[in-house]
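Q: Dropping the structure in here first, questions after.
The values are calculated or read from the model by the stated rules, or taken from the named source; none is laboratory data. Fair warning: this is a prediction, and the values are worked out from it, not measured in the lab. So basically every Cβ, Gly included, is an ideal-geometry build from the backbone, and we count neighbours across all protein chains shown. Calculation scope for accessible area: heavy atoms of the full protein, side chains included, ligands and nucleic acids excluded. Shrake-Rupley method; radii C 1.70, N 1.55, O 1.52, S 1.80 Å.
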Amino acid sequence: MRKARIAGLGFYVPENVVTNQDLTSFMDTSDEWIRERTGIEERRWVVPGEDTTSGMGVKAARMAIENAGLEASDIDFIIFATLSPDYYFPGPGVQVQEALGIDTIGALDVRNQCSGFVYALSVADQYIKTGMYNNILVIGSEYHSGGLEKTTRGRGVTVIFGDGAGAAVVTASDDANRGILSTHLHSEGKNATELALIGPATSRWVDQIIADHSEEDTSFYPYMNGNYVFKHAVTRFPEVIMEALMANNLTPADIDLLVPHQANLRIAQFVQRTMKLRDDQVFNNIMKYGNTTAASVPIALTEAFQQGRVKPGDLICLAAFGSGFTWASALIRW
Ligand code: UT7
């Protein structure tokens, strides 16, 4: 069976830098608290009206297509992962298809939050392996800042999240020894409301939302039980990374670079310690961009690639955990 490989990467973040200090102008927080608890120094937030989730996705996609040495017309399928679509429906996959002027190819939207890109990559991997498609555009993009509660009440969530997009072109590998080795996907719906945005939803349509709305109603904002999520994250990351390694008869020592979902620097450091990985085996850029959910893995992977930390023959591990809960890993021989 043929293999799938990543032929081109791209990312885009808004120019507008929001520092920790900037956040203190509208909520009770501090640069010290945010750095200490999350590692984040700054993040990018869209200036309202200047961009969208699909718009950032398109910019990242154009870069990935160019870096793959392809034209938009070579793409035969689109997979778009996000929790912050421009519209409630349709999802942004079709907007990318339109913006790139690609014929009427299929566009699939993935709603797996922080695990979204790895889930999407896994779908692309299967389609390529079976021969159904040849060049799949996989995008993760988030416009978080438009939906965050920018008050002290929302600080536990708001300080963490940043906007941005990352993309990859997945194509058939001409070398049987290189490409995506395996992907591993999980979920645990009993924790669905531990990291969630409850309304709007079909179970709570607009009339009801308006009627119900009160000062105390926070269901329009993302909610996160931070400690609870943290504890699960530091367990699930090593677990799903080990699952991928064991499926391929490999060990943590074989990893050239782990690119984890950029949830919190402390989580990545915990995973690094648990798995006895050296500093050069783990890539982090949350310090600059915050947590960009579905965009974080492809943004980090692109930066790692640009910095020469992803080389032909390297064993690259992608891993993610987040809302759902869902978590996933992918092992790639670059
Ligand atoms: O990406 C998808 C998955 N998400 C994650 O993996 C995130 C997992 N969770 C986390 O990263 C961490 O739990 C957080 C960064 C969200 C929070 O860090 P924490 O060390 O768990 O802090 P905490 O929620 O236990 O809060 C500690 C204190 C509280 O005050 P008291 O009750 O001790 O007086 C909070 O009210 O810090 C307070 N606090 C803040 N203070 C200043 C919470 N948020 C802030 C803030 N600035 N932004």
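Q: Okay, helix-only estimate at 222 nm for the chain: each DSSP H run of n ≥ 4 adds -39500 (n - 2.57), divide by all residues, round to 500 deg cm²/dmol; what do you get?
A: Computed mean residue ellipticity for the chain: -9500 deg cm²/dmol.
Q: Here is a follow-up. What's the angle, to the nearest 10 degrees (0 to 90), between helix 296-306's Cα axis and the longest principal axis of the chain?
A: Roughly 50 degrees between the two axes.
Q: Taking the inverse of the average 1/r across all pairs of different Cα atoms in segment 76-226, what Kirkwood radius in Å do you get?
A: Kirkwood hydrodynamic radius for segment 76-226: 17.5 Å.
Q: For segment 159-209, compute Rg over Rh where Rg is the Cα radius of gyration and Rh is the Kirkwood radius from the inverse mean 1/r over Cα pairs.
A: We get a ratio of 1.18 for segment 159-209.
Q: Taking 0.36 nm per residue of sequence separation and subtracting the Cα-Cα distance, how much length would be gained by fully extending the chain between Lys190 and Asp314, in nm to one decimal?
A: 41.0 nm
Q: For the chain, with a Gaussian network of springs between Cα atoms less than 10 Å apart, report the residue from Ala294, Ala253, Ala233 with the top mean-square fluctuation.
A: Ala253
Q: Does anyone have the angle between helix 53-67 and the longest principal axis of the chain? Alpha-carbon axes, 0 to 90°, nearest 10?
A: Taking Cα atoms only, the helix is inclined about 20 degrees.
Q: What are the equivalent ellipsoid semi-axes of segment 1-153, built from the alpha-carbon gyration tensor (square roots of five times its eigenvalues), in whole angstrom, biggest first?
A: 33, 16, 14
Q: Could you tally the net charge around Thr53, taking each other residue with its Cβ under 15 Å from the Cβ of Thr53, Lys/Arg +1 and Asp/Glu -1?
A: Charge balance in the 15 Å sphere: -4.
Q: Would you please name the trypsin sites (Lys or Arg not before Pro) within segment 173-208 that are DSSP coil residues with at most 16 other C-beta atoms within 10 Å of their C-beta?
A: Counting only loop positions with at most 16 other Cβ atoms within 10 Å, the trypsin sites (Lys or Arg not before Pro) in segment 173-208 are Arg178.
Q: Let me ask another. Express the relative contact order of the chain as a whole percentage, based on alpha carbon pairs under 8 Å and six or more residues apart in sequence.
A: 26
Q: Return the loop-located trypsin sites (Lys or Arg not before Pro) in segment 220-286 (DSSP other than H, G, I, E, B) with at most 16 other Cβ atoms within 10 Å of their own Cβ; answer none if there are none.
A: Qualifying residues, ordered by number: Lys276, Arg278.
Q: Within a Cβ distance under 10 Å of Ser84, other residues only, what is the Lys/Arg minus Asp/Glu net charge?
A: Local net charge: -3.
Q: With the Cα gyration tensor of segment 179-333 in hand, convert its eigenvalues to equivalent ellipsoid semi-axes via √(5λ) and list them largest first in whole Å.
A: 34, 16, 14
Q: Expressed in nm to one decimal, what extension gain is obtained for the pair Glu215 and Asp175 from 0.36 nm per residue of sequence separation less their Cα-Cα distance?
A: That pair, Glu215 and Asp175, stretches by 8.5 nm at full extension.
Q: Along its three principal axes, how long is segment 114-177 when you only count alpha carbons? Whole Å, largest extent first please.
A: 53, 19, 14
Q: Counting GluC sites (Glu not before Pro) as exposed when in a DSSP loop with at most 15 other beta carbons within 10 Å, what is the longest stretch of the chain free of them?
A: 217-334
Q: Which parts of segment 142-167 would a label at Ile198 reach, counting a residue when its backbone N lies under 17 Å from a point 7 Å out along Cα-to-Cβ?
A: Under 17 Å, as judged by backbone N against the label point of Ile198, lie 149, 154, 157 of segment 142-167.
Q: Still on this structure, please answer the following. For the chain, set up a Gaussian network in which alpha carbons nearer than 10 Å are linked by springs, and say which option among Val234, Val138, Val13 fluctuates the most.
A: So, out of Val234, Val138, Val13, the one fluctuating most is Val234.
Q: Let me ask something else. Could you give the distance between the Cα centres of segment 125-155 and segment 1-32, to the whole Å?
A: The two parts, judged by their Cα centres, are 13 Å apart.
Q: Near Lys129, within a Cβ-to-Cβ distance under 15 Å, what is the net charge of the other residues, with Lys and Arg +1 and Asp and Glu -1?
A: Combined, the nearby Lys, Arg, Asp and Glu give +1.
Q: Oh, and also: Once the convex hull of the C-alpha atoms of the chain is built, how many Å³ does it hold per residue, rounded to a whole number?
A: Taking only Cα atoms, the chain has a hull volume of 132 Å³ per residue.
Q: Can I ask one more? Determine the share of the chain's accessible area contributed by carbon and sulfur atoms, expressed in whole percent, with a 1.4 angstrom probe.
A: C and S fraction of accessible area: 50 percent.
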